[in-house]
Amino acid sequence: MITHMSSSPLKGKHILLTRAEHQLASLSREVCSRGAVAIDFPCLGLELLSHAVEEGARSLQVCSDVLFTSTNGVLSLDAFCRENSQELKALLTGKRIAAVGEQTAAALAELGIHVDIVPALASQEGLVNAYATHGLPTRLLFFRAEEGSNRLAEALQKQGISVETIAAYRTVCPAKDATEIIAMLKASRIDAVLLGSTKAVRFYLQRIGSIELANLPAVVVISAQMAEAAEKLGLRVQVVAKNASFESMLDTLAEYFDANRS
């Protein structure tokens, strides 16, 4: 890991952050701790699918376990509760809660919800192993994105688990004005852009509206698989994180700038 010192290759660099608005604060702090300048440009928004979540809330009465695999799933269910003058903690009382990923677990904890299972590996295999250790659910309710994959539910069903999947939200492109960011790109005032998902890539391009401008900063992605997807969409990827995390994206970006110092 690159040490956070005044001589850091990231010092003074202007870095565009494209995560969802509610996820920007922690990443911005990490960027600033390395001496860089964080520029918020959310390229992911959440649209609550209230009807589906309402059905899921009714299903809670008969399920034994609830599964969240992202902070967005947690926030979507919490938003539904707030809209209906309910408390998420009360709604989940008596259910065994599983969270994939420390950030998902932290989002639940912030809402006062005890998390019973956090797989050692934040993956499909890790979750299956965790249930094998802690005991299989009799009936599982899984809150995820509308565009999410069915692979996890299918893997759990193969273990004999009854799974009901709730498409709680969809990911959309924010409609906010991008004039200021476009002007900064034209003036070469943005040194790098961090892209953590294929959806972020698509919506980054949509918000900028020009592949030429979008390619002016160093393009940083979170995995080799995503690099391939981004390049198919026309981006020139300069930096691929060594591990699938935003911290690794920043470490690898620092190495890139260090190697390209004039």
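Paramagnetic label reach from GLU47 (point 7 Å along Cα→Cβ; backbone nitrogen cut-off under 17 Å): within the range 186-223, residues 199-200, 202-204, 206-207.
Could you pull out the GluC sites (Glu not before Pro) across the range 144-201 that fall in loop regions by DSSP (anything but H, G, I, E, B) with no more than 14 other Cβ atoms inside 10 Å?
Values: sites: GLU146, GLU147, GLU154, GLU164, GLU180; in loops: GLU146, GLU147.
Of the GluC sites (Glu not before Pro), the ones in loops of the range 144-201 whose Cβ has at most 14 other Cβ atoms within 10 Å are GLU146, GLU147.
Straight-line cross-link partners of LYS11 among the aspartates and glutamates, defined as a Cα under 14 Å from its Cα and at least 8 positions apart when in the same chain: GLU30, ASP191, ASP251, GLU255, ASP258. Evaluating 6.51 cos²θ - 1.76 cosθ + 1.60 at θ = phi - 60° for every residue in the range 164-173, the Karplus couplings come out as 10, 9, 10, 7, 7, 7, 10, 8, 10, 8 Hz, glycine and proline recorded as x. In the chain, the DSSP-assigned H stretches of four residues or longer account for a calculated mean residue ellipticity at 222 nm of -12000 deg cm²/dmol, using -39500 (n - 2.57) per stretch and the full residue count as denominator. Within straight cross-link reach of LYS232, meaning Cα distance under 12 Å, which aspartates and glutamates are found once same-chain residues fewer than 8 apart are removed? Cross-link targets: none qualify. What does the charge count around THR198 come to, taking other residues whose C-beta lies under 14 Å from its C-beta (Lys +1, Arg +1, Asp -1, Glu -1)? Summing Lys and Arg as +1 and Asp and Glu as -1 gives +1. Taking amide hydrogens as placed 1.01 Å from N in the peptide plane, the amide H of VAL237 sits under 5 Å from that of no residue at least 5 positions away in sequence or on another chain. DSSP beta bridges confined to the chain are antiparallel in about 10 percent of cases.
The phi-based Karplus calculation (6.51 cos²θ - 1.76 cosθ + 1.60; θ = phi - 60°) puts the 3J(HN,Hα) values of the range 220-225 at 10, 10, 8, 7, 5, 4 Hz, whole numbers, x for Gly and Pro. Electrostatic tally near THR171: other residues with Cβ closer than 10 Å to its Cβ, Lys and Arg +1, Asp and Glu -1, net 0.
What does the charge dipole of the range 46-172 about its Cα centre add up to, to the nearest 20 debye, if the Cβ of each Lys and Arg holds +1 and the Cβ of each Asp and Glu holds -1? Write out the running numbers ahead of the final one.
Numbers: 10 positive and 15 negative charges, 59 e Å.
With only Lys, Arg, Asp and Glu charged at Cβ, the dipole is about 280 debye.
With the convex hull constructed from alpha-carbon coordinates only, the range 46-172 shows a mean projected area of 6.9 nm² over all directions. Please state the relative contact order of the range 26-151 as a whole percent: Cα pairs under 8 Å, 6+ residues apart? The value is 28 percent. Evaluated with a Cβ-only charge set (Lys, Arg +1; Asp, Glu -1), the chain carries a dipole of roughly 340 debye about its Cα centre, given to the nearest 20.
The angle between the Cα long axis of helix 246-259 and the main principal axis of the chain comes to about 20°, on a 0 to 90 degree scale.
Once you reduce the range 88-143 and the range 36-77 to the center of their Cα atoms, the two points are 14 Å from each other. The angle between the Cα long axis of helix 24-33 and the longest principal axis of the Cα atoms of the chain comes to about 40 degrees, rounded to the nearest 10. Put a plus charge on the Cβ of each Lys and Arg, a minus charge on the Cβ of each Asp and Glu, and nothing anywhere else: the dipole of the range 183-245 about its Cα centre is then about 140 debye. Under the combined filter of DSSP loop state and at most 16 neighbouring Cβ atoms within 10 Å, the range 154-210 retains none of its chymotrypsin sites (Phe, Trp or Tyr not before Pro).
The string of couplings for the range 175-192 from the Karplus curve (6.51, -1.76, 1.60, θ = phi - 60°) is 9, 5, 5, 10, 4, 5, 5, 4, 5, 5, 5, 4, 8, 6, 9, 10, 8, 7 Hz, one whole number per residue in order, with x for Gly and Pro.
Quick note: the coordinates plus some simple rules give every number you see, no bench work behind them. As the structure is a prediction and not an experimental result, all values here were calculated from the model. Glycine also receives a Cβ, built like all others from the backbone with ideal geometry; neighbour counts cover every protein chain displayed.
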